[in-house]
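This report refers to the structure that appears directly beneath it.
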Amino acid sequence: MQTHQFDAVIVGAGGAGLMAALYASQGGANVAVVSKLYPTRSHTGAALGGIGAALGNLEEDNPLWHAYDTVKGGDYLADQNAVKVLAEEAIDSIIELEHMGLPFDRTSEGRISQRRFGGHTSNFGEKPVRRACHSADRTGHMILQTLYQQCIKNNVRFFDEFHVVDLIMNQGKAVGTVAIQLGTGEMHVFHAKATLFATGGWGRVWQITSNAHSLTGDGSAVVFRRGVPMQDMEFYQFHPTGLYGLGVLLTEGIRGEGGILLNRHGQRFMEKYAPKIKDLASRDVVSRSIYLELREGNGIGGKDYVHLDIRPETVNRYLAEAGETRRVDDAYIAQALAETLELCRTYAGVDPLTEPMPIQPTAHYAMGGIPTNINAEVVIDENWTVLPGLYAAGECACVSCHGANRLGTNSLVDLVVFGRRGGKAIADYVKRASFTPLPSNPTGEIEAEINRLRNSKGKTRPGELRKMMQTSMMSNVGVFRIESGIKQGISDVQELRERYQTDLTIDDRGFQFNTDLIEAWELGCLLDLALVTGKSAVERTESRGGHSREDYQNRDDDKWMCHTLAYRKGDNPYPRGTMDLEINHNKKVDTSLADVDKRFLPKERVY
Ligand SMILES: Cc1cc2nc3c(=O)[nH]c(=O)nc-3n(C[C@H](O)[C@H](O)[C@H](O)COP(=O)(O)OP(=O)(O)OC[C@H]3O[C@@H](n4cnc5c(N)ncnc54)[C@H](O)[C@@H]3O)c2cc1C
């Protein structure tokens, strides 16, 4: 076992982790980034459509309008103090990224180009606004490359292909992490004054997902096992446009450029569900509309998909109908949506310039996660009590700027705004704090669990258990939910957790690049998060944002303007059958913007 010591250790090298590492190091901290993937392979690199900020480069815009859309899109569950920070600091953060060298697309005057995206409007919902800054449809890729270069320049130390498996606590503080070096199988301890988790999402809980194979929620599971609650886990976003059968994401930017959703009758069905904003309604609304169309037998050829049409003749017809002067042609689409065209041709054999794309909703984004305040400090209860030394940012965190449903482009904003805040807060903290000693034998418990997995001798491989969990979660805790279904999902996951303990087997018992072992460990994280999701979902007896209950179809603001906090109970931190949870709803939603403007108070969403 090797031990390393740094002022700050950042777990994860996506947009949030790199932003935090950059700002912590610029603030004078000695920083290491520990990442299971090579940094530029992080999922942030797959973000296509854009990053939202009220720059107003093409038409009038205002951070307060951005905040309003975010609160409304989040179905009023977002903490409005966090939303205010998100909308205001987005502007600054994006200009900083530009100055770091990020090659944004430009307007003819040389300003950052902006496009439309679902749910983003001007003047408190009046009409769609161009707010998404983008670098063609490779925005996340460019963010990642830019930040990685800046981190290297700032002497951030990278430990690539190190898989973090535990959080070390001592004297009520987070004092470090344990990681397995993938190339050797050796255990490393990272002793730190401050540890920030930026480990991304867990879309792999579901069968059809836009998320990469690596998105197994490790960081969230690790801190959860050490006593940190998970917040708002019932809110998981299904993106409306995943490539049929595969889940590969087709960016909302397609509809931003004028793409239209059509059913088997060639009807633009969103006119029915969101008469005002139509195909650009927020994602929860569009995903549910697609499901309703499919239920009515309006899927293409009677199958479980509808069409997304970006062919110039279709787009131009609808633009003309709406009285707009803008027109598109093949060359424009090929340039603005280059990556999308390539994805469709490669994975579906469909050329979007000549035929419509087959799409279905796909599990996409975790609104819930590790609770934090607006400085990315992890908080462990409704009184905002900070756990010293522990931070989280990005998709694994829940500062709750997205509430019950995230708007497109707002995740990238979240990464840069709260990653930056986390980095700055860490730089400040490590100047004041001293190292808390490591406990004796900091790797004992996790080593025993890893060895148990390495030597497991049951009959079922991790991939088989994973598939069963994904199928059950997709049908029972997916876009639409009902008590009996959710309970079925919970009991399926509990049974799989039992088998995880008693019936698992892996083929590779070695040490070097043992991906078999790592996948088994990741499955444990998925099983934990699936169970927390199900148990949080069954308790929330209302429909809000990404959580849509068929047995409680209305939003209930009298009872449910509160967050869910789920704590693990019991002594054994690892997945074993039933897990006792303590769930409370004592944490109230922050509605401070409503004190300034009544329009931030909950009201029926009309599209
Ligand atoms: C296909 C796709 C398109 C998207 N498009 C957009 C968009 O256009 N606009 C937008 O705003 N959002 C978009 N999103 C959402 C957004 O990209 C993600 O929410 C965001 O990139 C997450 O960033 P992150 O920094 O939190 O984590 P990630 O970028 O997912 O990075 C996670 C990091 O954690 C590390 N890690 C994980 N587990 C461990 C472990 N156990 N040990 C060590 N390291 C670990 C990984 O190596 C990785 O470096 C999209 C998402 C997808 C999937």
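Can you tell which of F159, F190, F117 is closer than 24 Å to A376 by Cα, within 11 Å of the ligand (Cβ to nearest atom) and crowded, with 23+ Cβ neighbours inside 10 Å?
F190
Which fully enclosed helices (runs of 4 or more DSSP H) of region 202-274 have 2 or more residues being over 24 Å from E296 (Cβ atoms) and within 9 Å of the ligand (Cβ to nearest atom)? So that I can check it myself, show each step before the final result.
Working: elements: 218-225, 253-256, 270-273.
Filter on region 202-274 gives 218-225.
Just for region 347-365: of the residues that are within 30 Å of G217 (Cβ to Cβ) and small (G, A, S), which one is surrounded by the fewest Cβ atoms within 10 Å (Cβ to Cβ)?
Checked region 347-365; the qualifying residue surrounded by the fewest Cβ atoms within 10 Å (Cβ to Cβ) is A348.
Results for (1) under 19 Å from the mean Cα position of the chain (by Cα); (2) farther than 26 Å from Q26 by Cβ, shown as yes or no for each residue.
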residue: S135; (1), (2): no, no
residue: I143; (1), (2): yes, no
residue: T146; (1), (2): no, no
residue: R157; (1), (2): no, no
residue: E161; (1), (2): no, no
residue: I168; (1), (2): no, yes
residue: L182; (1), (2): no, yes
residue: M187; (1), (2): no, yes
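Out of region 516-557, which residues are of a type in the set (S, T, N, Q) and free of Cβ contacts under 8 Å to residues at least 24 places away in the same chain?
If the condition is that a residue be of a type in the set (S, T, N, Q) and free of Cβ contacts under 8 Å to residues at least 24 places away in the same chain, then T541, S543, Q553, N554 are the ones that fit.
So G183 fits all but one of (1) surrounded by fewer than 20 Cβ atoms within 10 Å (Cβ to Cβ); (2) closer than 28 Å to A427 by Cβ; what number is the exception?
Just one mismatch for G183, condition (2).
Of all residues in region 75-104, how many are farther than 28 Å from V285 by Cβ and in a loop (DSSP other than H, G, I, E, B)?
Going through region 75-104 one residue at a time, the tally reaches 4.
Considering region 527-546 alone, what residues qualify as being touching a helix residue (DSSP H, G or I) at 6+ places or on another chain (Cβ under 6 Å), over 16 Å from A366 (Cα atoms) and not aliphatic (A, V, I, L, M)?
Scanning region 527-546 gives a single hit, E542.
Just to be sure before I move on: is Q145 assigned to a helix (DSSP H, G or I), away from the ligand (no atom under 15 Å from the Cβ) and more than 13 Å from L55 (Cβ to Cβ) in the structure I sent?
No, not satisfied.
Which residues, taken from region 27-48, are assigned to a strand (DSSP E or B) and within 6 Å of the ligand (Cβ to nearest atom)?
V34, S35
Being touching a Leu at 6+ places or on another chain (Cβ under 7 Å), in contact (Cβ under 8 Å) with a residue 12 or more places away in the chain and closer than 24 Å to V248 by Cα, is that true of even one residue in region 93-109?
no
Within 16 Å of the ligand (Cβ to nearest atom), surrounded by 23 or more Cβ atoms within 10 Å (Cβ to Cβ) and closer than 25 Å to H239 by Cα: is that true of L527 in this structure? Spell out the reasoning first.
Values: within 16 Å of the ligand (Cβ to nearest atom): yes; surrounded by 23 or more Cβ atoms within 10 Å (Cβ to Cβ): yes; closer than 25 Å to H239 by Cα: yes.
Considered against the rule, which asks whether it is within 16 Å of the ligand (Cβ to nearest atom), surrounded by 23 or more Cβ atoms within 10 Å (Cβ to Cβ) and closer than 25 Å to H239 by Cα, L527 comes out as yes.
Being closer than 19 Å to E257 by Cβ and either part of a helix (DSSP H, G or I) or not β-branched (V, I, T) (or both) narrows it down to one residue among G110, G140, G125; which is it?
Checking each option against the conditions leaves just G140.
Restricting to region 398-438, what's the tally of residues that are in a helix (DSSP H, G or I), away from the ligand (no atom under 12 Å from the Cβ) and among the β-branched types (V, I, T)?
Adding up the residues that qualify gives 2.
In the list S35, S25, S42, which residue meets the criterion of being surrounded by 23 or more Cβ atoms within 10 Å (Cβ to Cβ), farther than 21 Å from S93 by Cα, touching a residue at least 40 places away in the same chain (Cβ under 8 Å) and not hydrophobic (A, V, I, L, M, F, W, C)?
Being surrounded by 23 or more Cβ atoms within 10 Å (Cβ to Cβ), farther than 21 Å from S93 by Cα, touching a residue at least 40 places away in the same chain (Cβ under 8 Å) and not hydrophobic (A, V, I, L, M, F, W, C) holds for just one of S35, S25, S42, which is S35.
With the requirement that a residue be among the aromatic types (F, W, Y) and either crowded, with 18+ Cβ neighbours inside 10 Å or farther than 21 Å from L262 by Cα (or both), what does region 318-346 give you? Write out each step before concluding.
Going residue by residue through region 318-346, those that are among the aromatic types (F, W, Y) are 318, 332.
The answer is Y332, and nothing else.
Has region 49-59 got any residue that is farther than 16 Å from F117 by Cβ, assigned to a loop (DSSP other than H, G, I, E, B) and out of contact with any strand residue (DSSP E or B) (no Cβ under 7 Å at 6 or more places or on another chain)?
The initial filter retains those residues of region 49-59 that are farther than 16 Å from F117 by Cβ, namely none.
Checked against the condition, which is being farther than 16 Å from F117 by Cβ, assigned to a loop (DSSP other than H, G, I, E, B) and out of contact with any strand residue (DSSP E or B) (no Cβ under 7 Å at 6 or more places or on another chain), region 49-59 yields no hits at all.
Being free of Cβ contacts under 8 Å to residues at least 24 places away in the same chain and within 23 Å of G203 (Cβ to Cβ) is the filter here; which residues of region 452-466 pass it?
E464
Any residue at all in region 428-449 that's of a type in the set (A, V, I, L, M), closer than 26 Å to M233 by Cβ and more than 23 Å from the chain's Cα centre (by Cα)? Steps first, answer last, please.
First, pick out the residues of region 428-449 that are of a type in the set (A, V, I, L, M): 430, 433, 438, 446, 448.
Then drop every residue that is not closer than 26 Å to M233 by Cβ, which leaves 446.
When the remaining residues are screened for being more than 23 Å from the chain's Cα centre (by Cα), the result is 446.
Taking every residue of region 428-449 in turn, at least one turns out to be of a type in the set (A, V, I, L, M), closer than 26 Å to M233 by Cβ and more than 23 Å from the chain's Cα centre (by Cα).
Of everything in region 330-370 that's among the hydrophobic types (A, V, I, L, M, F, W, C), at pLDDT 95 or above and outside any helix (DSSP H, G or I), which residue is farthest from the chain's Cα centre (by Cα)?
Once the filter is applied, the top-ranked residue is L353.
For D7, state whether it is more than 16 Å from the ligand (Cβ to nearest atom), assigned to a strand (DSSP E or B) and within 24 Å of N375 (Cβ to Cβ). Talk me through it step by step, then tell me what you get.
Working: more than 16 Å from the ligand (Cβ to nearest atom): yes; assigned to a strand (DSSP E or B): yes; within 24 Å of N375 (Cβ to Cβ): yes.
Yes; evaluated as a whole, the condition is true for this residue.
Matching residues to (1) outside any strand (DSSP E or B); (2) crowded, with 16+ Cβ neighbours inside 10 Å; (3) among the hydroxyl-bearing types (S, T, Y):
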| position | (1), (2), (3) |
| --- | --- |
| R555 | yes, yes, no |
| K559 | yes, no, no |
| L565 | no, yes, no |
| G570 | yes, no, no |
| M579 | yes, yes, no |
| I583 | no, yes, no |
| N586 | no, no, no |
| L593 | yes, yes, no |
| R599 | yes, no, no |
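Quick one: which of Q512, Q494, Q501, Q488 is surrounded by fewer than 21 Cβ atoms within 10 Å (Cβ to Cβ), part of a helix (DSSP H, G or I) and either at positive phi or over 27 Å from the mean Cα position of the chain (by Cα) (or both)?
Result of the check over Q512, Q494, Q501, Q488: Q501.
Could you say which residue among E395, E464 is of a type in the set (D, E) and away from the ligand (no atom under 16 Å from the Cβ)?
E464
Take A174 and tell me if it is buried (at least 22 other Cβ atoms within 10 Å of the Cβ), assigned to a strand (DSSP E or B) and within 8 Å of the ligand (Cβ to nearest atom).
On the way: buried (at least 22 other Cβ atoms within 10 Å of the Cβ): yes; assigned to a strand (DSSP E or B): yes; within 8 Å of the ligand (Cβ to nearest atom): no.
Judged against the criteria, A174 is not a match.
The values are calculated or read from the model by the stated rules, or taken from the named source; none is laboratory data. Owing to the predicted nature of the structure, the values given are computational and were not obtained by experimental measurement. Methodologically, a virtual Cβ is constructed for each residue, glycine included, from the backbone with ideal geometry; neighbour enumeration extends over all protein chains shown.
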